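Visitor: Got a structure here, written out as structure tokens. Questions coming.
The values are calculated or read from the model by the stated rules, or taken from the named source; none is laboratory data. Computed from a predicted model, the values in this text were never measured in an experiment. Glycine gets a Cβ as well: all are built from the backbone with ideal geometry, and neighbour counts include every protein chain shown. Remember, those area values only see protein heavy atoms, side chains included, never the ligands or the DNA or RNA. Shrake-Rupley method; radii C 1.70, N 1.55, O 1.52, S 1.80 Å.
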Amino acid sequence: MKILSRHLNRIAILSIFIATLSACSKKDFAEYNTDPDAVINISLPPLFAQAITSAHNNDFEAFYDNYNFISRWSRAFLSRTGNGITVSENAANTNNRYGRFYIGVGNVLVDIQKTVDKMSEDEKARYVYMRTIPTILKVYNAWYVSDVNGSLAYTEAFGARYGGTLTPKYETQSELYATFDQELKAAVEVLKKEQPVEQFSYGNSDLYFKGDVSRWIKAANSLRLKIALRLSKRDPQRMATIVKEVLANNSNVINSADEEWVFYPGAQFTGGGNWNITGNGRAFVGDHDVIDYMWNNQDPRLRFFFVKNMWSEDNFALAKAQGKIPSSSIFDTRRYYGQYSSPSSPNDPKKSRFFTPIQIANGQSTITLDTVSRIQDRLFQPENNGGTGLGTMPLITYADVCFMRAELAQRGTTSESAEEWYYKGVEASLKFYDKAAKKALIYDYSPLTDTEIATFKQQPDIKFKASKGLEQIVLQAYLNFFKNYNEAWAIVKRTNMPNNNTAIAFEPWFVEGQAIKMPRRFVINYPLAGDYNYQNRFDAIEEMRKDPDFGEPTSILGRVWWDKSE
């Protein structure tokens, strides 16, 4: 911490300096970007910590991208009153990940590497691992941006002030995926190689792994696996080649909960208003189909994801005594219900009870009784409502890897046991969310038990059946991504599951009798006149438009390259 605090002022100065570049003339900008000595010299460990923090502290991404849009599209949760009629049209203020990657993450990671490159050969020899590790984080974040944007400026994007170009080329997603895999593979080879001299380490400034090189190797290989799976529809042969290479050695990938790639932010990291998942009139609740599936199968994660509704026995008795419900009403012990997600649902009398909460008097107070279950807000913002817990932000967990291996085995890509990896994934996911819930100090936390795990595995919809294996694997992977918005959305796009015919039965969406589709990417705008890299960006969009799946750039119903239609 002393090292980090010693450089905070310099980091702040650097951030302000970068922010003022937009006010400079093109000539000034070019001069700055072609002079590597213009970059403030800074110690590498705190700079790496800054890049990690910047990748996770984007509260605009939390508010707009995740809470208001991706979570609704993937049906992880939605507003208490359901979705509006523009759910498949509106994506206002989204795609905050794009700008953060170029100013805040990728540029900082490249600065680290260029700083090492400028060292003497003797110095450089002791920074081999420290120079290599940023590549893994840079690839992750570039892939994350490309996932919903398609083509990106990548290989030439950060080189201008080091003698590179001010007009970096854009690479197609197919090219990017090849580059990502090559860079990750090369990084692993470097990190596995024993160096002739002792290596410096990021130590505690590595907010993921405390400088543990072996864990970065597993993270990189697990990322190769995750990116490869995106190719399951577009290029299954390329996917299979990468998968077999990565899994040739079981120790290559994340193989236990102790090795998973997760960011654990400190106290008050999500304390700001945009992280508040219940503030500013928001009241997010579970999806009807998701909660029904979890309830019917006695899923222990239900209490980690959602809060019981307000219909306690005491409140039920008060409602009956005050004539708010019929005297013949029978108390419902379930207390976990979800909201219907179709915009047409508020007009369906069969679903109306989910939109009409009632109020009762309790002494001098008024209590609103709602049937639906709100999300465990402290799982997303531990500070909410006076909470003192800590957050959990997963990148790639052990459960993720288990479900990837189960799916690949079920599809015949590998010869591993789909059933074995499925059950490992189920157990790992339950334990992950138990740990996250405990750290966050969620409401009414009760620890996961071995009996619950065993009982859950024996439920009819959960017990593995080879004939329904792929569906079972995908549904459990989907639930496992409750805290990873992009991956929950991605697995629905990639597998078309859950759907209205699976055990989690997604209801079709209708607006005024017209079926509507789930959005599949963010808006991609043409560059404005005067954009310094206008032609390359324009050409990249025109190239993507050649794919009929892409649609119009401004349509969020269009698809990027990996998201191939059936």
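Visitor: What pairs can you find where one residue is in the stretch 135-150 and free of Cβ contacts under 8 Å to residues at least 60 places away in the same chain and open to solvent by 10 Å² or more (accessible area, probe 1.4 Å), the other is in a helix (DSSP H, G or I) and β-branched (Val, Ile, Thr), and their Cβ atoms are less than 9 Å apart, with a gap of 6+ or different chains?
Guide: Qualifying pairs under 9 Å: Thr135/Val190; Lys138/Val105; Lys138/Val110.
Visitor: Could you please find all residues in the stretch 47-102 being aromatic (Phe, Trp, Tyr) and under 18 Å from Phe306 (Cα atoms)?
Guide: Tyr67, Phe77
Visitor: Could you check how many residues of the stretch 536-555 are aromatic (Phe, Trp, Tyr) and more than 25 Å from the chain's Cα centre (by Cα)?
Guide: First, the residues of the stretch 536-555 that are aromatic (Phe, Trp, Tyr): 538, 550.
Next, only the ones that are more than 25 Å from the chain's Cα centre (by Cα) stay: 538.
Of the residues in the stretch 536-555, 1 are aromatic (Phe, Trp, Tyr) and more than 25 Å from the chain's Cα centre (by Cα).
Visitor: Taking the stretch 268-322 on its own, how many of its residues are closer than 30 Å to Glu452 by Cα and either aliphatic (A, V, I, L, M) or touching a Cys at 6+ places or on another chain (Cβ under 6 Å) (or both)?
Guide: Counting residues in the stretch 268-322 that are closer than 30 Å to Glu452 by Cα and either aliphatic (A, V, I, L, M) or touching a Cys at 6+ places or on another chain (Cβ under 6 Å) (or both) gives 9.
Visitor: Starting from the stretch 215-240, keep only residues that are farther than 17 Å from Gln182 by Cβ, then list their pairs with residues that are hydrophobic (A, V, I, L, M, F, W, C) and open to solvent by 40 Å² or more (accessible area, probe 1.4 Å) whose Cβ atoms are within a distance under 8 Å, requiring at least 6 positions of separation or different chains.
Guide: If the second residue must be hydrophobic (A, V, I, L, M, F, W, C) and open to solvent by 40 Å² or more (accessible area, probe 1.4 Å), the pairs left are Arg234/Trp561.
Visitor: Moving to a separate point now. Please go through the stretch 261-311 and give me each residue that is open to solvent by 40 Å² or more (accessible area, probe 1.4 Å), in a loop (DSSP other than H, G, I, E, B) and either at negative phi or in contact with a Pro (Cβ under 6 Å, 6 or more places away or on another chain) (or both), ordered by number.
Guide: Residues satisfying the conditions are Tyr264, Gly266, Ala267, Phe269, Lys308, Met310, Trp311.
Visitor: Condition test on Ala125, is it at pLDDT 95 or above, surrounded by fewer than 23 Cβ atoms within 10 Å (Cβ to Cβ), of a type in the set (Gly, Ala, Ser) and closer than 25 Å to Lys192 by Cβ? Steps first, answer last, please.
Guide: On the way: at pLDDT 95 or above: yes; surrounded by fewer than 23 Cβ atoms within 10 Å (Cβ to Cβ): yes; of a type in the set (Gly, Ala, Ser): yes; closer than 25 Å to Lys192 by Cβ: yes.
When the stated conditions are applied, Ala125 passes them.
Visitor: Could we say that Thr368 is at pLDDT below 95, closer than 29 Å to Val87 by Cβ, open to solvent by 60 Å² or more (accessible area, probe 1.4 Å) and touching a Pro at 6+ places or on another chain (Cβ under 7 Å) here?
Guide: So Thr368 passes the test.
Visitor: Considering only the stretch 385-402, I want to know if a residue exists there that is acidic (Asp, Glu) and in contact with a Pro (Cβ under 9 Å, 6 or more places away or on another chain).
Guide: yes
Visitor: Can you tell me which residue among Ala488, Ala515, Ala466 is small (Gly, Ala, Ser), within 30 Å of Leu430 (Cα to Cα) and open to solvent by 20 Å² or more (accessible area, probe 1.4 Å)?
Guide: Ala466 is the lone residue from the list that is small (Gly, Ala, Ser), within 30 Å of Leu430 (Cα to Cα) and open to solvent by 20 Å² or more (accessible area, probe 1.4 Å).
Visitor: Starting from the stretch 199-214, keep only residues that are free of Cβ contacts under 8 Å to residues at least 40 places away in the same chain, then list their pairs with residues that are among the small types (Gly, Ala, Ser) and part of a loop (DSSP other than H, G, I, E, B) whose Cβ atoms are within a distance under 8 Å, requiring at least 6 positions of separation or different chains.
Guide: Gly211/Ser201
Visitor: Counting only residues that are closer than 23 Å to Asn57 by Cβ and within 24 Å of the chain's Cα centre (by Cα), give me the helices (runs of 4 or more DSSP H) lying completely in the stretch 71-157 with at least 1 of them.
Guide: 71-74, 96-100, 106-117, 128-149
Visitor: Look at Arg405 and say whether it is of a type in the set (D, E, K, R) and open to solvent by less than 10 Å² (accessible area, probe 1.4 Å). It would help to see each step written out before you state the result.
Guide: On the way: of a type in the set (D, E, K, R): yes; open to solvent by less than 10 Å² (accessible area, probe 1.4 Å): yes.
Taking the combined requirement at face value, the residue satisfies it.
Visitor: Looking at the stretch 341-370, which of the residues that are of a type in the set (Ser, Thr, Tyr) and under 29 Å from the mean Cα position of the chain (by Cα) is nearest to Asp444 (Cα to Cα)?
Guide: Ser341
Visitor: Would you please name the residue that is nearest to Ile504 (Cα to Cα), looking only at residues in the stretch 72-93 that are hydroxyl-bearing (Ser, Thr, Tyr) and surrounded by fewer than 23 Cβ atoms within 10 Å (Cβ to Cβ)?
Guide: Ser79
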